[in-house]
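Okay, handing you the structure first.
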Amino acid sequence: EAGVAQSPRYKIIEKRQSVAFWCNPISGHATLYWYQQILGQGPKLLIQFQNNGVVDDSQLPKDRFSAERLKGVDSTLKIQPAKLEDSAVYLCASSPRATTYQETQYFGPGTRLLVL
Amino acid sequence: AQKITQTQPGMFVQEKEAVTLDCTYDTSDPSYGLFWYKQPSSGEMIFLIYQGSYDQQNATEGRYSLNFQKARKSANLVISASQLGDSAMYFCAMREGHGNFNKFYFGSGTKLNVKP
């Protein structure tokens, strides 16, 4: 079974530019998560989708970050405009249903973003 | 209050010895799941082991075991017979909640270094 795919793996941009990340979850997984992981810290949830609906986006900086999951499969996360403090690894994860507390998440390789 | 606390930013262990990574959690939900993940320098999060709040026995997966002390709200990870490849960041996480409204929390991680 193919794992969670993410692209690009690395991205370097200048502040105030825009950037987009793509994620394709494990086939059949209804729940998709985007996390931001700043160096030396644990992942912080940005947004959680159940199929193509948003379940939790309480920590998403909505003035500059946006995410969508059209058709309930793959997803894009966009930052516009980027700030220096957005430099981090952006992790995508998926779960089959995530309606029970027993389910784990399966993570992609992440996208390392550097904002100069 | 922190949902997940990992008090050891870094740990050293000699190859072939056992090591315990500490994790305490905070929840008032009777139903929750506890997870440990490994994050090598490559960046992806690898699921190691799961413990449910109602499980009577401690979880084990190969060289990994989870020392679950519910009254103390601790879920320490024990790695037996450490190997050089175990050098990585280790994150404790908790899922609580039900249905679509469930949340996943990560600790700040412990960096494990295995010495030859």
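The values are calculated or read from the model by the stated rules, or taken from the named source; none is laboratory data. What you see is a predicted model; the values in this text were computed from it and never measured. Please note: Cβ atoms are built from the backbone with ideal geometry, for glycine as well, and neighbour counts cover all protein chains shown. Surface areas here come from the heavy atoms of the whole protein model, side chains and all, with no ligands, DNA or RNA. Shrake-Rupley method; radii C 1.70, N 1.55, O 1.52, S 1.80 Å.
Can you find even one residue in the range A:43-50 that is in contact (Cβ under 8 Å) with a residue 60 or more places away in the chain and not aliphatic (A, V, I, L, M)?
So far as the range A:43-50 goes, no, none of its residues is in contact (Cβ under 8 Å) with a residue 60 or more places away in the chain and not aliphatic (A, V, I, L, M).
Which residues, taken from the range B:48-66, are under 17 Å from B:Gly109 (Cα atoms) and either touching a helix residue (DSSP H, G or I) at 6+ places or on another chain (Cβ under 7 Å) or open to solvent by 30 Å² or more (accessible area, probe 1.4 Å) (or both)?
Passing the criteria: B:Tyr50, B:Tyr64.
Look at the range B:36-51 and say how many of its residues are in a strand (DSSP E or B) and either of a type in the set (Phe, Trp, Tyr) or more than 9 Å from chain A (Cβ to nearest Cβ) (or both).
Residues meeting the conditions: 8.
Further question: Could you list, in sequence order, the residues of the range B:27-47 that are of a type outside the set (Phe, Trp, Tyr), in contact (Cβ under 8 Å) with a residue 12 or more places away in the chain and surrounded by 13 or more Cβ atoms within 10 Å (Cβ to Cβ)?
B:Thr27, B:Asp29, B:Ser31, B:Gly33, B:Leu34, B:Lys38, B:Gln39, B:Pro40, B:Met45
Mind checking which residues of the range A:93-107 are in contact with a Leu (Cβ under 7 Å, 6 or more places away or on another chain) and more than 7 Å from every other protein chain (Cβ to nearest Cβ)?
Matches in the range A:93-107: A:Ser94 only.
Might you check whether a residue that is within 21 Å of A:Gln37 (Cα to Cα), assigned to a loop (DSSP other than H, G, I, E, B) and touching a helix residue (DSSP H, G or I) at 6+ places or on another chain (Cβ under 9 Å) occurs anywhere in the range B:23-35?
No, every residue in the range B:23-35 fails to be within 21 Å of A:Gln37 (Cα to Cα), assigned to a loop (DSSP other than H, G, I, E, B) and touching a helix residue (DSSP H, G or I) at 6+ places or on another chain (Cβ under 9 Å).
With the requirement that a residue be open to solvent by 80 Å² or more (accessible area, probe 1.4 Å), under 18 Å from A:Pro61 (Cβ atoms) and at pLDDT below 95, what does the range A:16-47 give you?
Selection gives A:Gln41 alone.
Can you tell me which residue in the range A:78-92 is most open to solvent (accessible area, probe 1.4 Å), limited to those that are closer than 17 Å to A:Leu32 by Cα and more than 7 Å from chain B (Cβ to nearest Cβ)?
A:Lys78
Which condition number in (1) over 11 Å from the mean Cα position of the chain (by Cα); (2) away from chain B (no Cβ under 14 Å); (3) of a type in the set (S, T, N, Q); (4) under 25 Å from B:Glu96 (Cα atoms) is the one that A:Ser75 fails?
(1)
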